[in-house]
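Here the structure is laid out as structure tokens; the discussion comes afterwards.
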Amino acid sequence: MPESTCPLTSHTETMEENRKRYSDEELEEFRVLILDKLEKANKEYELLVSEFESSDNRENAHKHNILEDSSSAVQRAEAERLAGRQRQFIQKLQAALTRIDNKTYGICRETGELIPKDRLRAVPHATLSIEAKTGK
């Protein structure tokens, strides 16, 4: 039986389209996913911060070599840039947790429709559906 004529598939798709929010159980699943990503992101952020802090210590110890100074400055700038991006990612994950607490998680901020679970699993801090993001 083709998928479009299967009563169960049609009913399930209709239920999905008509829902205004994810269930508490689904929100809890997303919370676990986000907390795991948040833990990893915080560890990576701490590593990046320690990297450019140790770069400062090396710069102070090796002031006499201009080549080392410029290489060290480039490495520090890159570590700072990556740490900044990681900090933004952490903030977005924290905002997603707030949306879970408010039971608004997974709702597209432009269309008001549910963002598909697959998208939220891939990008748990997403606030736009693919259609809204691409302008389709």
If you scan the range 93-111, which residues turn out to be touching a residue at least 40 places away in the same chain (Cβ under 8 Å) and exposed (fewer than 13 other Cβ atoms within 10 Å of the Cβ)?
-> none
Please work out which one of (1) over 19 Å from GLU25 (Cα atoms); (2) not assigned by TED's automatic domain parsing to the domain that holds GLU46 is the condition ILE115 fails and give its number.
-> (1)
Residue check for LEU97: modelled with pLDDT of 90 or more, under 26 Å from GLU131 (Cβ atoms) and aliphatic (A, V, I, L, M) | yes
Could you please give the count of residues in the range 13-27 that are modelled with pLDDT of 95 or more and over 24 Å from the mean Cα position of the chain (by Cα)?
-> 0
Of the conditions (1) surrounded by 12 or more Cβ atoms within 10 Å (Cβ to Cβ); (2) closer than 16 Å to ILE34 by Cα; (3) without any contact (Cβ under 8 Å) to a residue 12 or more places away in the chain, ALA122 fails just one. Which one is it?
-> (1)
Conditions (1) at pLDDT 95 or above; (2) under 20 Å from the mean Cα position of the chain (by Cα) -> ARG81 fails only (1)
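The values are calculated or read from the model by the stated rules, or taken from the named source; none is laboratory data. Nothing here was measured: the structure is a model prediction, and the numbers come from that model. Cβ coordinates were reconstructed from backbone atoms using ideal geometry, including for glycine residues, and neighbour counts include every protein chain displayed.
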